[in-house]
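This report concerns only the one structure given below.
The values are calculated or read from the model by the stated rules, or taken from the named source; none is laboratory data. Note that the coordinates shown come from a computational prediction; the quantities given were computed from them, not determined experimentally. We place every Cβ from the backbone using ideal geometry, glycine too, and count neighbours over all the protein chains shown. For accessibility, only protein heavy atoms count, side chains too; no ligands or nucleic acids. Shrake-Rupley method; radii C 1.70, N 1.55, O 1.52, S 1.80 Å.
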Amino acid sequence: MAATARDLSKAESVIQLKGVNKWYGQFHVLTDINLDVKEGEKIVICGPSGSGKSTLIRCINRLEEHQRGDIVVHGVTLSNDVKNIEAIRREVGMVFQSFNLFPHLTILDNLTLAPIWVKKMPKKEAEEIAMSLLTRVRIPEQALKYPGQLSGGQQQRVAIARALCMRPKIMLFDEPTSALDPEMVKEVLDVMIELAREGMTMLCVTHEMGFARAVADRVIFMDRGEIVEQNEPEEFFANPRNDRTKLFLGQILHNH
Amino acid sequence: MTDAMPVGDRKPLPPPVDETGVVGWARKNLFSSWGNGITTIVLIAAVVWILNWFLEWALFTANFTATTGSECRGGGACWALIREKFRYIFFGSFPYQQHWRPLFAVITMLAMLVLSADRRMWNWRLLVIWGVGSFITFLLMFGQIHIPLSLILFVALAGGVIGLTLRSALAPSSERMAYYALIGIGVVGLALRIAGVLPKWSIAIAPLSYVETSLWGGLPVTLILATYGLAFAFPYGILLALGRRSNLPLIKGLCVGFIELIRGVPLISLLIMASVMLPLFLPSGTTIDKFLRAQVAVILFAGAYIAEVIRGGLQSLPKGQFEAADAMGLNYPQKTLLIILPQALRVVIPPLINTFIGFFKDTSLVLIIGIFDFLNTANQALVDPNWAGFPGEVYLFAAFVYFIFCFSMSRYSKYLEFELNKGTRR
C-alpha cells in the first residue's frame, strides 16, 4: 500500500525482458515473457509449482540460460560474454530458498568474500560494511560463528546481508521463506519489508501474500511458463480476472 | 534454536550406577550374556597365547650379538642380521663413507613433511618449506647440482603465469607488473636460448662428491618416490578432476581418456614401459634418468586415482554452492579455489589419505625395473650367503618401518578431519 503511493511511471526501467523463451530439452519452461521493471519497483511473482517463476528470475542473473529473446539489465544485454555476465552479477543480488551459505566460512567471511574478491575492497572496509549489515538484519553477535550453528531464519537473514554486501541495485528472492519453519518466516519477511521500504528494486518469487500486500507494486501470476495476469496487489487479490488466477488464489488463500 | 521451552522444576537425573565404572563397563560390553562371556575369555586366551609365542621368539630367545649367520641358528629371532645389515637396508649402495648424506636427506624430508602437516603453514610458507627442503635433500643426495640457465628462465615464466592466474583478482598493479616482467624475461630468455644467442650456461653448486641415482637406495628412495610422487600427483589430480567436470568437451574428453587409460593398466606395466619402451622412442643420444622416469610414472598413475577421489568430493557438493558463488560474481578460479575445493577436499580426506597410503606402499613396485627402494634393499640383504635363511626377520623389520609411516598418515588423517571440521560441527 505504501509503495503504490509512489509514481513509478517516471522511474527509469532497470530490467527489460523481451520475448524471452526457454526450453529444458523438449519442455517449454518460459513462453514469450515480456517484463519491464522500473527502478525501485517491487514485484512479487507467484504461481503453481513448475510454472517457471524461479526459472524466470534465475535467467536475469544467468544462473539459467534463455534461448530466445533479450534480457537487458541496467543497459547491459545478457549474452555468452563472461564479462557481461559478471558485470550484471555484480549489480544483482540473489537470495535462495536453501540459503546456500558457505559452510566452511564464518558468517563474517561469507559476507566479505565477494566484496574482497570481486570488488577488490580492502578487508577492513569490507568487514565494516558486513558488520553494519549484520546489525541491520539483527544478528551482529553471530559474526564469528559458522552457518551450521545458526537457525534457518538466522541463516536466511545472513544470506540477505551477504547479497547486500555487494551494494546491489536489484535483489532477486527465490522463495526465501519456503524452507523455513513457520515461526521463522516473520523474522525474514520483516527484513525484506524493511529493505523494500528503503527503495530497493526487488523481484520476489513467494507465496507470502501478506508480504505482497504490504510492499508489492505489482503482483505477477505465472502458469505453464506464461505471465497470465499482472496487477497492483489490491486489484490482483480483490478482482482476479483470469480463471487460472482465481483457481490458484482460491487454493492458497484457503490454506491461510 | 534460539530459546528453550520452559520445562518447569524437573532436574536432570544422574545415569544409572551399574553402567558406569570399570566393572559396569566390563559387564555391559564383555560379559553381557553367557555366550559373550565365553567369547571374551576364548579371545583373551588366544591373544595371550600368540603374544607369548611371539615374544618368546622375538625377544627372550632372540640373538642380538651374533657375527655370522651360523651362530644365530637354533634360537629365536636373529636380530643380529638387522644389526649387521641395517645400513645397507636403509641406504643401499650409496657410498659407505657418505652414508651421513642420505641420513640427513631423510631427516630433511621428514622435517619438511612434519612442518607441512601443520595447518598454520598452509600459505606462502609451504612454498618456502618445500623449496628449501627439496634443495637440501637433492643437494645431499646428488652432492652437486647444476642449475641450467634454461631452467631458471622456465621457472621465471611458470612463476609469472601461475602468479598472474591465481592472484589476478587480488594483486595490486605493482605485483601484476612483476608477474608480467617475469613472463617477459622467461619468454625472451627461452627464445634467445633456443635460438642459440644465449650460451649453454649453468650455476654449479658442488660442495660434495657426485653420486648418481643408480647408486641411490633404501629409505631415501622410497621417501623421494612417495613424497614427490604424491606432491605432484595431488595438484595434477585436482586439475584432472576439475577437467573431467568441465563443460568444454575437448578438455573433458582428454581428462576422461587419460584417467581411464591409466586406471586400466597395472602400475607395473607403466613402470616397465617407462624403463624399457620410452628410451626406444627417444632420439638416440638423449637419455632420461631411470629414476626420474619411474618418478614420472608414479606421478601419472597416482594422479589418475587421486582425480577420481577428488571428483567424488566435487560431486558431493550441493548445486546451490556453485550457484551462490556464481550469483555473487566470483569468476571460475575464485569459485573453485575459495568455495568448491576447500569443501570438496574436506569431504574426501579419508579416501584421499587411503590413496596416499596405498601409493606409499606401491612405490615398492619399482624393484621390478631395478631401482633399489627400501623393500628391494631389504630383499638384497638376504642374498649374503653368510646370513642366508632369515627372511622372516628382514621382512618383519621392513614391514615395521612401512607400518610406522602408514600409521602416522592414518593418524594424521584423523587429526586433519577433526581440525578442519572444528567450526562446522554443531
Exercise. For the range B:166-203, how many residues meet the condition of being among the β-branched types (Val, Ile, Thr) and either open to solvent by less than 80 Å² (accessible area, probe 1.4 Å) or in contact with a Leu (Cβ under 6 Å, 6 or more places away or on another chain) (or both)?
Worked result: 3
For this session: Sort through A:LEU101, A:LEU150, A:LEU172 and tell me the only one that's within 11 Å of chain B (Cβ to nearest Cβ), closer than 14 Å to B:ALA325 by Cβ and surrounded by 18 or more Cβ atoms within 10 Å (Cβ to Cβ).
Result: A:LEU101
Seminar exercise, completed: Checked against (1) surrounded by fewer than 15 Cβ atoms within 10 Å (Cβ to Cβ); (2) of a type outside the set (D, E, K, R); (3) touching a Gly at 6+ places or on another chain (Cβ under 9 Å), B:PHE390 satisfies every condition except (1)
For this session: Examine the range B:362-371 for a residue that is surrounded by 19 or more Cβ atoms within 10 Å (Cβ to Cβ) and either aromatic (Phe, Trp, Tyr) or within 14 Å of another protein chain (Cβ to nearest Cβ) (or both), and state whether such a residue exists.
Result: no
Seminar exercise, completed: Among B:LEU153, B:LEU139, the single one that is closer than 18 Å to B:ILE203 by Cβ, surrounded by 16 or more Cβ atoms within 10 Å (Cβ to Cβ), among the hydrophobic types (A, V, I, L, M, F, W, C) and touching a Gly at 6+ places or on another chain (Cβ under 8 Å) is B:LEU153
Exercise. Looking at B:LEU240, is it of a type outside the set (Gly, Ala, Ser), touching a Cys at 6+ places or on another chain (Cβ under 7 Å), over 21 Å from B:PHE104 (Cβ atoms) and not in a loop (DSSP other than H, G, I, E, B)?
Worked result: yes
Problem set entry | Residue match in the range A:229-246 (condition: surrounded by 16 or more Cβ atoms within 10 Å (Cβ to Cβ), in contact with a Ser or Thr (Cβ under 8 Å, 6 or more places away or on another chain) and over 18 Å from A:GLU41 (Cα atoms)) | no
Exercise. Just checking, how many residues over the range A:115-142 are within 13 Å of another protein chain (Cβ to nearest Cβ), over 18 Å from B:LEU330 (Cβ atoms) and among the aliphatic types (A, V, I, L, M)?
Worked result: 1
Exercise. Hey, A:SER79 hits all of (1) in a helix (DSSP H, G or I); (2) more than 14 Å from chain B (Cβ to nearest Cβ); (3) at pLDDT below 90 but one; which does it fall short on?
Worked result: (1)
Problem set entry | Within the range A:44-76, tally of residues that are under 30 Å from A:GLY210 (Cβ atoms) and within 9 Å of another protein chain (Cβ to nearest Cβ) | 3
Exercise. Of the conditions (1) open to solvent by 10 Å² or more (accessible area, probe 1.4 Å); (2) β-branched (Val, Ile, Thr); (3) under 23 Å from A:MET184 (Cα atoms), A:ILE116 fails just one. Which one is it?
Worked result: (3)
For this session: Could you list, in sequence order, all residues of the range B:313-347 that are touching a residue at least 12 places away in the same chain (Cβ under 8 Å), under 20 Å from the mean Cα position of the chain (by Cα) and either more than 14 Å from chain A (Cβ to nearest Cβ) or more than 30 Å from B:ILE268 (Cβ to Cβ) (or both)?
Result: B:LEU341, B:ALA344, B:ARG346, B:VAL347
Problem set entry | Options A:ARG197, A:ARG224; residue that is charged (D, E, K, R), more than 30 Å from A:HIS28 (Cα to Cα) and open to solvent by 40 Å² or more (accessible area, probe 1.4 Å) | A:ARG197
Exercise. If you go through the range B:257-269 one residue at a time, do you hit one that is among the aliphatic types (A, V, I, L, M), surrounded by fewer than 17 Cβ atoms within 10 Å (Cβ to Cβ), touching a Gly at 6+ places or on another chain (Cβ under 9 Å) and closer than 23 Å to B:ASP362 by Cα?
Worked result: no
Exercise. Do the conditions hold for A:MET192, that is, is it touching a residue at least 12 places away in the same chain (Cβ under 8 Å), surrounded by 23 or more Cβ atoms within 10 Å (Cβ to Cβ) and part of a helix (DSSP H, G or I)?
Worked result: yes
For this session: Among residues belonging to the range A:86-98 that are under 16 Å from A:GLN155 (Cα atoms) and open to solvent by 30 Å² or more (accessible area, probe 1.4 Å), point out the one that is nearest to the other protein chains (Cβ to nearest Cβ).
Result: A:SER98
For this session: Go through the range B:314-333 residue by residue and tally those that are open to solvent by 30 Å² or more (accessible area, probe 1.4 Å) and not hydrophobic (A, V, I, L, M, F, W, C).
Result: 8
For this session: Go through (1) farther than 30 Å from B:SER209 by Cβ; (2) touching a Pro at 6+ places or on another chain (Cβ under 8 Å) one by one and return the number of the condition B:CYS78 breaks.
Result: (2)
For this session: May I ask you to list the residues in the range B:363-390 that are over 14 Å from B:PHE86 (Cα atoms) and assigned to a helix (DSSP H, G or I)?
Result: B:THR363, B:SER364, B:LEU365, B:VAL366, B:LEU367, B:ILE368, B:ILE369, B:PRO385, B:ASN386
Problem set entry | Candidates B:LYS414, B:LYS422 - the one that is open to solvent by 40 Å² or more (accessible area, probe 1.4 Å), in a loop (DSSP other than H, G, I, E, B) and without any contact (Cβ under 8 Å) to a residue 24 or more places away in the chain | B:LYS422
Problem set entry | Residues of the range B:277-290 satisfying the condition of being surrounded by fewer than 14 Cβ atoms within 10 Å (Cβ to Cβ) and touching a residue at least 60 places away in the same chain (Cβ under 8 Å) | B:ASP289
Exercise. Of the residues B:ARG120, B:ARG125, B:ARG101, B:ARG176, which is out of contact with any strand residue (DSSP E or B) (no Cβ under 9 Å at 6 or more places or on another chain), in a helix (DSSP H, G or I), among the basic types (Lys, Arg) and touching a residue at least 24 places away in the same chain (Cβ under 8 Å)?
Worked result: B:ARG101
For this session: Taking the residues in the range B:278-311 that are of a type in the set (Val, Ile, Thr) and outside any helix (DSSP H, G or I) as candidates, determine which candidate is nearest to B:PHE234 (Cα to Cα).
Result: B:ILE288
